[in-house]
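Presented below is the structure to which this report refers.
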Amino acid sequence: MSHENQWLPATEWPAIHDADIHLWFVDTAEHTAQATSLRALLNADERVRADRFYFAVDRIRFTIGRALLRSVLARYLAIDPAEIGLAYGARGKPELAEPTAASGIRFNLSHAGPLFLVAVGLGRHLGVDIELLSPRERMHQLAEKIFSPAEVGRFRQLAPTEQLAVFYRGWTQREALLKARGDGLGGPFTQIECHDVPGTDLVHFTIRDQPEESQRWSLMTFSPRPDCVASLAFDGKPGLICKWRGIDTPKQHVEDQGSSWSP
Ligand SMILES: CC(C)(COP(=O)(O)OP(=O)(O)OC[C@H]1O[C@@H](n2cnc3c(N)ncnc32)[C@H](O)[C@@H]1OP(=O)(O)O)[C@@H](O)C(=O)NCCC(=O)NCCS
């Protein structure tokens, strides 16, 4: 179920329509040289947050990711990236603040190492999660804890070489669903059961004691690149899903080298 070839370079800025979801995938390592100038796009709180990271690599990734998020949202809203106001839900889910919230643009984002994924939609609640396929300590114990008994049974039957990808598929599916719902850490992480729909990226799921949730949300899993896996959850039925690789940054800020911040 690999669809790397569907990720297109963003040569022109796409319009977004009601049922569409746009996914933006970027490797922040490709923007490291711009980190200082991209910091100009962050607001004061974000700069404070960036500066709290102990390691420069985390500081730079956060700065680039936030600037790219602002660059993406600014294009849909036709305003300057630095002017975007973000608000946070009770459990930390970010969204557009007023007055731009009235645009109906919603988004969610995920980081994994240098990788960064943003989903953008119109009027839909969204959740994304991306993970690198890196070996993980206690993977088997975690799988037994978070997967349903049927999924654990299937997981145990797999060859060790297949288990890593299946583990992260299941992990990102749960995270994406809970992020779409805005649950955060309080969500029913271990009560979700997922089944791939053969021949598609779609995933059927159930949440124990919440049968209506399967009707409310759609879920899909895909690989932006062979070293990672990602899932997207959104309310409603699937429409057009556009996948873009790379994000361009506003020229005037990238060329502005006036900041004295040193990553
Ligand atoms: C908070 C949480 C959503 C972060 O997820 P993560 O995989 O650690 O990190 P990701 O990079 O994928 O996502 C982080 C982004 O999600 C967004 N986010 C934060 N809280 C969110 C919430 N409640 N709902 C949706 N999105 C949220 C933010 O944009 C954040 O990035 P930012 O801080 O740079 O703005 C996650 O820890 C969580 O609560 N997951 C719920 C499931 C769970 O319990 N998992 C742990 C099982 S042991």
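Structure above, values below:
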{"item": "Cβ-based exposure ranking for E193, E137, E30, in which fewest neighbours within 10 Å come first", "result": "E137, E30, E193"}
{"item": "Fewest-first ranking of K237, K145, K243, using other Cβ atoms within 10 Å as the exposure measure", "result": "K237, K145, K243"}
{"item": "Prolate/oblate/rounded call for region 57-109, Cα gyration tensor, a/c under 1.5 rounded", "result": "oblate"}
{"item": "Neighbour-count order for E162, E95, E12, fewest beta carbons within 10 angstrom listed first", "result": "E12, E162, E95"}
{"item": "Relative contact order of region 130-235, pairs being alpha-carbon contacts under 8 Å that are 6 or more residues apart, as %", "result": "31"}
{"item": "Computed FRET value (nearest 0.05) for A102 with D18, which takes r as the C-beta separation and R₀ as 22 Å", "result": "0.90"}
{"item": "Net dipole in debye of the chain [+1 Lys, Arg Cβ; -1 Asp, Glu Cβ; about Cα centre; nearest 20]", "result": "400"}
{"item": "Low-density loop cleavage sites - chymotrypsin sites (Phe, Trp or Tyr not before Pro) in region 1-79, where at most 15 other Cβ are within 10 Å (DSSP)", "result": "F53, Y54, F55"}
{"item": "Magnitude of the charge dipole, region 130-235, Cβ model with Lys/Arg +1 and Asp/Glu -1, debye to 20", "result": "200"}
{"item": "Dipole magnitude of region 37-192 about its Cα centre (Cβ charges: Lys, Arg +1; Asp, Glu -1), debye to nearest 20", "result": "120"}
{"item": "Neighbourhood net charge (12 Å Cβ-Cβ; Lys/Arg +1, Asp/Glu -1) for R154", "result": "-2"}
{"item": "At least 27 Å along the helix axis (C-alpha) and Kyte average at least -1.0, DSSP helices within the chain", "result": "56-77, 160-181"}
{"item": "Gained length - A44 relative to H111, 0.36 nm times residue gap less alpha-carbon distance", "result": "22.0 nm"}
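All of the numbers you see were taken from the coordinates with simple rules; none came from a lab. Keep in mind that what you see is a predicted model, and the values were worked out from it rather than measured. Reconstructed Cβ throughout: ideal geometry from the backbone, glycine too, with neighbour counts over all protein chains shown.
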